[in-house]
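Each reported figure results from applying straightforward, stated rules to the coordinates on display, with no laboratory input. From a predicted model like this one, the values you see are computed outputs, not experimental measurements. Virtual Cβ from ideal backbone geometry, glycine too; neighbours counted across all protein chains shown.
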Amino acid sequence: MDVPTNAPEHCPGTESEQAGKADACAGCDNQQVCASGQTKLPDPNLPFITQRMSTVKRKILVLSGKGGVGKSTFTAQLAWAFAADDQLQTGIMDVDICGPSIPTILGIASEQVHSSSSGWSPVYVQDNLGVMSVGFMLPSSHDAIMWRGPKKNGLISQFLKDVDWGDLDYLLVDTPPGTSDEHLSIVQYLKESGIDGAILITTPQEVALQDVRREIDFCRKVGIRIIGLVENMSGFVCPSCKTESQIFKPSTGGGKKLAQDTGIELLGSIPLDPRIGKSADYGVSFIDEYPDSPASIAYLDIIDRIKVILGDQ
Ligand code: ADP
């Protein structure tokens, strides 16, 4: 069972021996049910998830502290860059339930998910790039989703259990900003299958970095390896005069300093390039459109680092 969103700050967790018994549990709505031991029963979905995920070689979470730093755009471009190698099968699972932008960025927003006896089929952007997003489940992209924790968890467990990915080399999981129900669910459900690591996205600004520090703390607390940090929107080269300026100033040292302070690798820095936004709006691969741009080179270098860190190269 999941930790409720209104749990006390020092909640020992539903699976702990202290569940329902710790001082912090006093007054919590779930105290009785936790103390009864029912919450420690294994989730019946877990074996099915583990079985389904056994054909997925690498599971990577893409996290950001703040919204709007370019996490979904990064996930999409990274997936396209992985899929540029036709020997690799790549998938994206979009669990950003309240803001599923992956289908639009990949140009497949009008597609629908089909189900067969072997499960839900991902929507294919190309032969070796499949996508599953909550965006496909909505009647219209204008519909707001207002779901509470248990419903979100249900959808995530269904995604993990029922999507027929087939053999995948890399599954990129695009998560909502911050650390919320969705993150805890993913971590819990993939505990047995094993998460290979997380990539943290930030801009150079202190307001974004601050939230990334929380994300780092989250990863450390739940035992997820941090593959590295990516600084997005770092530097802008004016297309007319070629002068480089810092739109989002690294006033406190940016991603580089954060990486030094925390001992986390800075995988790369992606410049602010208006053509990235345009590619996302048109649902096309930036890397295919502008292969020689500094941003494309940065994406590809980041992939190389990820592969080296994971021991795949
Ligand atoms: P998040 O998933 O973190 O909320 P998005 O991926 O939706 O952020 O990106 C937010 C906005 O920034 C979008 O309009 C996107 O096109 C734009 N964007 C992201 N990265 C870049 C970049 N490197 N250069 C220019 N625009 C970018």
Cα point-scatterer Debye curve for the stretch 191-237, base-10 log of I(q)/I(0) at q = 0.18, 0.32, 0.33 Å⁻¹: -0.59, -1.18, -1.21
All lysines inside 27 Å of Lys307 as judged from Cα atoms, apart from same-chain residues fewer than 8 positions distant: Lys57, Lys59, Lys66, Lys71, Lys161, Lys191, Lys221, Lys256, Lys257
Extended-chain gain in nm, criterion 0.36 nm per residue less alpha-carbon gap, Ser116 and Lys249: 42.9 nm
Order of Glu215, Glu111, Glu231 - criterion: other Cβ atoms within 10 Å of each residue's Cβ, fewest first: Glu111, Glu215, Glu231
The stretch 77-116: Rg to Rh, with Rh as the Kirkwood radius over Cα pairs: 1.00
Column: log10 I(q)/I(0), Debye, Cα scatterers of the stretch 177-313, q = 0.09, 0.16 Å⁻¹: -0.31, -0.95
Cβ-placed point charges (K, R +1; D, E -1), dipole of the stretch 184-275 about Cα centre in debye, nearest 20: 80
Angstrom value of the Kirkwood radius, inverse mean 1/r, which spans all Cα pairs in the stretch 16-165: 17.6
Spacing of the two label points (7 Å from each Cα toward its C-beta) at Val308 and Asp217, in nm: 3.2
Calculated diffusion of the stretch 249-288, Stokes-Einstein form, Kirkwood radius summed over Cα pairs, 20 °C and 1.002 mPa s, µm²/s: 175
Of all DSSP beta bridges in the chain, antiparallel share, percent nearest 5: 20
The stretch 256-313: radius of gyration over Cα atoms, expressed as a fraction of 2.2 N^0.38 Å: 1.32
The chain - mean residue ellipticity at 222 nm from DSSP helices (-39,500 (n - 2.57) per run, n ≥ 4, rounded to 500): -10000 deg cm²/dmol
Charge dipole of the stretch 46-310 about the Cα centre (unit charges at C-beta), most positive-ward option of Ile216, Tyr290, Ala198: Ile216
Check: the stretch 46-310 dipole with +1 on Lys, Arg Cβ and -1 on Asp, Glu Cβ, in debye: 860
Mean separation of Cα contacts under 8 Å, 6 or more apart, over the residue count of the stretch 176-313: relative contact order %: 21
For the chain: relative contact order, % (alpha-carbon pairs under 8 angstrom, 6 or more apart): 21
Ellipsoid equivalent to the chain - semi-axes via the Cα gyration tensor, in Å: 33, 24, 18
Gain in span if fully extended, Ala35 to Glu192, counting 0.36 nm per residue against the direct Cα distance: 54.0 nm
Amide H within-cut-off set for Asp94, under 5 Å, with H built and near neighbours excluded: Met132, Ser133, Val134, Asp174
Dipole of the chain [Lys/Arg +1, Asp/Glu -1 at C-beta], most positive-end residue of Phe136, His114, Gly228: Gly228
